[in-house]
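Before any comments, here is the structure.
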């Protein structure tokens, strides 16, 4: 009955027998076929729901295909003791992954930079002057990583902030795009991201038509960038509609 | 094992009691006033013990549990030895071995005014009186007696201070004078200040006298009266033989 | 149930020889060593010190338990023991006397030969007494082991623990001396010391088996309380 | 799948939203200032502030297959306490002493999203304790025969990594965690694998021809694991003579005596856990707790059965 | 952090609005750039770049390694930046951790391209010795010695200079008997291959102050920025990476405009760096 606590043996996850890697390069004429059958310009169906975590001041759950994220917002609450006085509020972001989020267990810890990227994307939208001396904590947990994780986290976080009643100039919607050979695909899934030649992510405040963050990786010509930005901005404003309606649903629901 | 004798309070006096023991049943007592000292608390209709030790009773109606500890729980009117750890504008912060530091207001001296605030170095040893001791507040000290006189309170210069237990301090302060002090006093002249918080300060003309007194007191903690006398005698015999 | 012969020749209900000494560490504000056969635990109490840790109620005294295993680092098992000890000791200490203070209890395992957690609880309780921490009552802890057949033994050795199907660690209040009449001190028809402070079980057993453990545990706890009181007395007398 | 419409309705019925703000504020202030008295007044009326009778557990739901990236997963909700459990199967070399047994590694996580008390980088104090309790309970209950996890004797066996994440902490964490863990095991599908030439276990994708199978397919088809004597639990809070089943976080913090009873399907006691607390539990109180647990496990078994049958219909 | 009075702030902002900055520069003029190569003899390549009071060192080390199984035909490059406490007293201890991480990530983005390796400024396939078996691992370390703004551009330039200063030893691979065996390699002590830097982009950071943007901002000017966009551009005029700093939002049309300005500036910067690097190399050869 006493459980034997031997050191945990090394394990591996069984890999598929065959790995057919599609070779896509700039010169290839073959078009990329999206594994989930979407069109290049088609986003996955997005779903948001606020109030996923009762213990938090505000929270939201987002599901884009297999990408599933929960964001909790705590505060505004007392800043850490070591912090100096500040006449504007502080924003503290943290992104975590469940051990089972990724196909291979425990790979989510590779994305350490997500916390600071989330912070950068949100800080421009929050009216920090409204909560001096205090801190708002935005904590995200990726339940399942299905591609375009960061944009989903950012969009979900802004819905959670709105749910917590934190003053913002506008919602922040985020969309990313992958460049596969000569094809541009929007809202890529994990498989597409692993083959991508370049990527572009825009986070923006759609009503104000302002970009809070823009990151580009890989080689792009100016027309390509312009096209990708246009597509992402367009998708952002559509996404913002869905985000807004998820918030409206709660408000109108409680008035009944 | 299981039987629970109904015992009278008198039979518990001077006996060992442990936390949880019930020493008085108020419901069976007719309107009597009692005074509770340390180690006891009222729990509904009964008085129960919260510290292990000997139950003491003094006439007419005072009960307390006597025990010895390394830490001190401040209690009003106790005379203690404190060490200054910090000097603030209004208070000295003084360590008296309690759960929290004690405040000694800078005006709590005989004739204290804003103009003649005493200066103490951090580390200075003071003989002080506890004037306030409430849970959830830092205790407050004073360097005057109840009438505002300096009496014997204040800075202890020179000499040697050592830490003991609260039990030893109580023994040293008991009357009649405990054998160890009595016998030492016959042979040597020395000054002694005993704090109820388990600190003892000794001063004499020669360092050797201080060492003898301090040593004798430290040795006496677990000895009976007769043993104490023998111990002091042996100590002096030894010194005599070595100096001759 | 046939009589089972235990390796060390004890009967099923027999405890191993007990030994308790207090005030053994010079620096600690209270300390105790508790031995049950070859299982030995050292407990040291520091405090009360000013201030409580974050997330603790400052209106009460905070109890902190630090478990030091015989060797190696602490893992989940030790964390669990720390939590059980903390909650157990919290419930016997009076936390309102010294609000906004922290009392630390360091539990050092010297040797583990079964019934480690109960031994640690007993040691910590004796150390708290030594430090003069205000307490509602004392606590005595006991381990009961159940064999496949439903046969029950008390205070198992490590080997016995490993070979048995299930076990229960139980903590009871000590039996107290009272001036009240026996009936008056009953709590809803049961003496106070029959109430369970802490119960932790491992392994599957029948509910009836568990109740049986409680009964035997209670009988043993009376013996333990007597021992505790005697050991406190003998040491107190040597004090003064 | 995380959106039960019904619990949204529940939050809407909170008294804060109702019209008479003045009197509501007073009640709220009283609740914050004198939490114990607030509760005692309710308890005297045999009711709890959330309108439950003392012995009633909160609404409980189980959803299987919440995470596609795991081999088995489940989401369990008891009131607003939410747990997501998922199992990932990996291959290991079994130990020399037990060549025919697999292994289960259980970890309970409290990420910062679940409670205002948890901050990143500083793990919750209770997480390792619940983790230990869960693995003790699941392994000692004998629910899973570890021999079933063997692949090739002495060479390869399954290591089941069960990770349970608390998504929302509102009391009775262990009950919800255990329920989600049990549900995840009942959803678990062991993948089809075979032994390749290098002595490594590889995954067989479904469309592959049967020719490969004779290379020593270890698992012929995806299979479920047999569960015997499933453990379920009920946590109760004791206060004076009251027993409150399935406490919320508020109830746990105000009335500190907690008793957790775990019984298996044949009503055997798997664990009776009472770590301290101001209330001394009498035997009769413990018997009452056990009786409440007996009722509760019937409910839980039904909820789980429904979730499983719902899954099979899909 | 730069603490400025209201007057100083307005002076800086006003100056930028009038196209005359406090040090006399125009909005799109760089401070004098000074390049020195081969500053660290132990490394395979190294360079020091000064832009005004900003002073950074980059150093390249090459080691033999194994390609990742996902990309057997490519070598690996790791970029790390460290901020020395000499640059700023607050960098002492863990003070610079966040800035170092931010700069490292930004450089990785700008120079290493997408996950498939396409669009990388550093040609990763040239680092492979035997496909799937042996490749060069490049460790690029940046060190900020003195900081007066525009760290990212300076580090980018220093890395470019360090790479053009890098010689990678020629490796002879013994033809192994079977494909499963580890190939035997022999690293030549004499023969070095010049690293090809034609694809390495330059980084241009445009800092937006008020309604205008400036290049090569000093710390004082950076303290007044609302946002900044760093764009890495290669010789073909293609964008290899882009990051934005600062929380304030930007209108997309401004970003498009910034990209075209950056492209224009990058050509001048590229030429300037090329001539500085070749001058520095010539200096080094003379010594």
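Throughout, read-outs are computed from the coordinates displayed, never taken from laboratory work. Since the structure is predicted, the reported quantities are computational estimates derived from the model, not experimental observations. Don't worry about glycine lacking a Cβ; one is built from the backbone with ideal geometry, like all the others, and counts go over all protein chains shown.
What distance in nm separates the simple spin-label points at residue E:139 and residue E:73, each placed 7 Å from Cα in the Cβ direction?
Here the answer is 2.9 nm between the modelled labels.
Just checking the output field for C:165-178: average partner chain Cβ neighbours within 10 Å of each residue's Cβ?
That average works out to 5.
For segment E:228-287 and segment B:161-179, write down the distance between their C-alpha centroids in whole Å.
Between the Cα centres of segment E:228-287 and segment B:161-179 lies a distance of 83 Å.
Can you give me the orientation-averaged projected area of the convex hull built on the Cα atoms of the protein assembly as shown, in nm²? Write down the numbers at each step before the final one.
Details: hull surface 266.1 nm².
Result: a mean projected hull area of 66.5 nm².
Using 0.36 nm per residue, how much length does the chain from residue D:98 to residue D:46 gain when fully extended, once their Cα-Cα distance is taken away?
Details: separation 52, 0.36 × 52 = 18.72 nm, distance 5.29 nm.
Gain on extension, residue D:98 to residue D:46, equals 13.4 nm.
Which semi-axis lengths, in whole Å and largest first, follow from the square roots of five times the eigenvalues of the Cα gyration tensor of chain B?
Values: eigenvalues 242, 163, 38 Å².
After scaling each eigenvalue by five and taking roots: 35, 29, 14 Å.
Determine how many Å³ per residue the convex hull of the Cα atoms of segment D:106-206 encloses.
147
Return the FRET efficiency for the residue pair residue E:284, residue E:123: r is the Cβ-Cβ distance, R0 is 30 Å, and the value is rounded to the nearest 0.05.
0.80
Quick one: of the DSSP bridges fully inside the protein assembly as shown, what percent are antiparallel, nearest 5?
Values: 228 of 265 bridges.
Of all bridge pairs located within the protein assembly as shown, approximately 85 percent are antiparallel.
Using the Kirkwood radius over C-alpha pairs as Rh, can you work out the diffusion coefficient of segment A:164-256 via Stokes-Einstein at 20 °C, viscosity 1.002 mPa s, in µm² per second?
148
Hey, could you pull the Cα Rg and Dmax for segment D:37-81, both in Å?
16.5, 49
Find the eigenvalues of the gyration tensor of the Cα atoms of segment B:160-242, then list the square roots of 5 times those eigenvalues as equivalent ellipsoid semi-axes, largest first, in whole angstrom. Display every interim value, and only then the final one.
Numbers: eigenvalues 71, 47, 23 Å².
So the three semi-axes of segment B:160-242 are 19, 15, 11 Å.
Direction-averaged shadow area of the convex hull around the Cα atoms of segment E:122-227, nm²?
Projected over every direction and averaged, the Cα hull of segment E:122-227 covers 9.3 nm².
Roughly speaking, what % of Cα-Cα pairs in segment B:15-66 are separated by over 14 Å, rounded to a whole number? Walk me through the numbers before you get to the answer.
Numbers: 601 of 1326 pairs.
For segment B:15-66, the fraction of Cα-Cα distances above 14 Å is 45 percent.
What's the long-distance tail for segment E:192-255, i.e. % of Cα pairs beyond 16 Å? Write out the running numbers ahead of the final one.
Details: 1045 of 2016 pairs.
Above the 16 Å cut-off, segment E:192-255 has 52 percent of its Cα pairs.
Before anything else, pin down the relative contact order of chain C: Cα pairs under 8 Å, at least 6 apart, normalised by residue count, whole percent.
Contact order relative to length: 20 percent.
Tell me, what are the semi-axes, in whole angstrom and largest first, of the equivalent ellipsoid of chain A as set by the roots of 5 times the Cα gyration tensor eigenvalues?
That gives 32, 26, 18 Å for the three semi-axes.
What is the mean number of Cβ atoms from other protein chains located within 10 Å of the Cβ atom of each residue in peptide C:203-215, rounded to a whole number?
Per-residue shielding by partner chains comes out at 5.
Please compute the average number of Cβ atoms from other chains found within 10 Å of each residue's Cβ in peptide A:50-63.
Neighbouring Cβ atoms belonging to other protein chains average 5 per residue here.
Please state the relative contact order of segment B:15-66 as a whole percent: Cα pairs under 8 Å, 6+ residues apart?
In percent, rounded to a whole number, it is 44.
For chain B, what is the mean residue ellipticity at 222 nm derived from helices alone (per DSSP H run of n ≥ 4: -39500 (n - 2.57); sum divided by total residues; nearest 500 deg cm²/dmol)?
Calculated at 222 nm, the ellipticity per residue is -6500 deg cm²/dmol.
What is the Rg over Rh value, at two decimals, for chain C, using alpha-carbon atoms and the Kirkwood definition of Rh?
0.97
Counting residues in chain E as N, plug N into 2.2 N^0.38 Å and put the Cα Rg over that result.
1.08
Mind jotting down the distance between the C-alpha centroids of segment D:238-314 and segment E:26-41, whole Å?
71
Return one number: the angle in degrees, 0 to 90 and rounded to the nearest 10, between the long axis of the Cα atoms of helix E:151-164 and the longest principal axis of the Cα atoms of chain E.
So the helix axis and the longest Cα principal axis differ by about 30 degrees.
Considering the Cα trace of segment E:138-287, what is its radius of gyration and what is Dmax, both in angstroms?
20.1, 67
What percent antiparallel are the DSSP beta bridges of chain E, to the nearest 5?
So the antiparallel bridges amount to about 85 percent of the total.
Hey, how many Å between the Cα centroid of segment B:119-142 and the Cα centroid of segment A:116-130?
50
Can you quote the Å³ per residue value for the convex hull of the Cα atoms in segment A:176-218, rounded to an integer?
71
Of all alpha-carbon pairs in segment B:1-142, indicate the percentage at a distance above 18 angstrom.
64
Compute from the Cα atoms of segment B:78-155 the Rg and the Dmax, the latter being the longest Cα-Cα distance, and quote both in angstrom.
11.3, 32
Tilt of helix E:97-112 relative to the longest C-alpha principal axis of chain E, in degrees (0 to 90, nearest 10)?
60
Just from its helices, what would the mean residue ellipticity at 222 nm be for chain A, if runs of 4 or more DSSP H residues each count -39500 (n - 2.57) and the sum is divided by every residue, rounded to the nearest 500 deg cm²/dmol?
Helices in chain A give a 222 nm mean residue ellipticity of -8500 deg cm²/dmol.
Could you pull the Cα extents of segment D:223-314 along its three principal axes, largest to smallest, in whole Å?
48, 27, 19
Suppose only helical runs count, i.e. DSSP H with n ≥ 4. What mean residue ellipticity at 222 nm does that imply for chain C under -39500 (n - 2.57) per run, divided by all residues and rounded to the nearest 500 deg cm²/dmol?
Only helices count here, giving -10000 deg cm²/dmol.
Sort E:56, D:129 by Cβ crowding within 10 Å, fewest neighbours at the top.
If I rank by nearby Cβ atoms, fewest first, I get D:129, E:56.
So what is the diffusion coefficient of segment C:80-178 in µm² per second by Stokes-Einstein at 20 °C and 1.002 mPa s, using a Kirkwood Rh over Cα pairs?
Approximately 145 µm²/s, per Stokes-Einstein.
For chain E, take the longest principal axis of its alpha carbons; what is the angle in degrees between that and the long axis of helix E:6-17, to the nearest 10 within 0 to 90?
In chain E, helix E:6-17 runs at an angle near 70 degrees to the longest axis.
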